[in-house]
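This report refers to the structure that appears directly beneath it.
Any read-out appearing in this document is the output of simple, stated calculations on the displayed coordinates, not a laboratory observation. Predicted, not measured: the structure shown is a model, and the values here were computed from it. Heads up, the Cβs are rebuilt from the backbone with ideal geometry, glycines too, and the neighbour counts pull from every protein chain shown.
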Amino acid sequence: MSLTKENVVEKIEVVNTWNIQICLDTVIKENSVEISRSRHRHVLTPFSSSKDSDDKWTHTDTDISAEDDTVKAVCNAVWSDTIKNNYKQFIETQEI
């Protein structure tokens, strides 16, 4: 009996211009026959943002180094400087 486990990016969606939604399936196979599949979803944005007590914003680039190469390519293509600036402006206008 040979069990294998693989992670497969099933879907990548761009939502609201800067949100990248990823559907990642974990597939378990026994003797090359799929016996189990589970789905995990997560969303990436260009930055994690925070505001300090002086109302100064800090925007830290999202670390995508652990993502699948296809996800990295989509993030790098979508998150242009214009999109990043628009995202920062959007975040800074939200009430916290």
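Here the 3J(HN,Hα) profile of segment 38-43, calculated from phi with Karplus coefficients 6.51, -1.76 and 1.60 at θ = phi - 60°, is 10, 10, 10, 10, 8, 10 Hz, Gly and Pro shown as x. Between residue 94 and residue 69, the FRET efficiency estimated from the beta carbon spacing at R0 = 22 angstrom works out to 0.10.
Segment 49-71 and segment 1-29 have Cα centres spaced 22 Å apart. Of the GluC sites (Glu not before Pro) in segment 32-96, the ones in a loop by DSSP (not H, G, I, E or B) with at most 16 other beta carbons within 10 Å are 95. Per-residue Karplus couplings for segment 67-80, computed as 6.51 cos²θ - 1.76 cosθ + 1.60 with θ equal to phi - 60°, are listed in order as 6, 4, 4, 5, 4, 4, 4, 5, 4, 5, 6, 7, 7, 6 Hz, Gly and Pro entered as x.
Using the Cβ-Cβ distance between residue 1 and residue 62 with R0 set to 41 Å, the FRET efficiency works out to roughly 0.55.
The label point for residue 55 and the one for residue 42, both projected 7 Å from the Cα toward the Cβ, are 3.5 nm apart. Putting +1 on Lys and Arg Cβ atoms and -1 on Asp and Glu Cβ atoms, find which of 44, 74, 7 reaches farthest to the positive end of the dipole of segment 3-92. It is 7, whose Cα lies furthest towards the positive end. Summing Cβ point charges (Lys, Arg +1; Asp, Glu -1) relative to the Cα centre of the chain gives a dipole of roughly 240 debye. Amide H contacts for residue 47 (H built 1.01 Å from N in the peptide plane; partners 5 or more residues away or on another chain; cut-off under 5 Å): 62. Straight-line cross-link partners of residue 84 among the lysines, defined as a Cα under 28 Å from its Cα and at least 8 positions apart when in the same chain: 11, 51, 56, 72. Note on segment 1-94: Rg/Rh from C-alpha atoms, Kirkwood Rh, equals 1.14.
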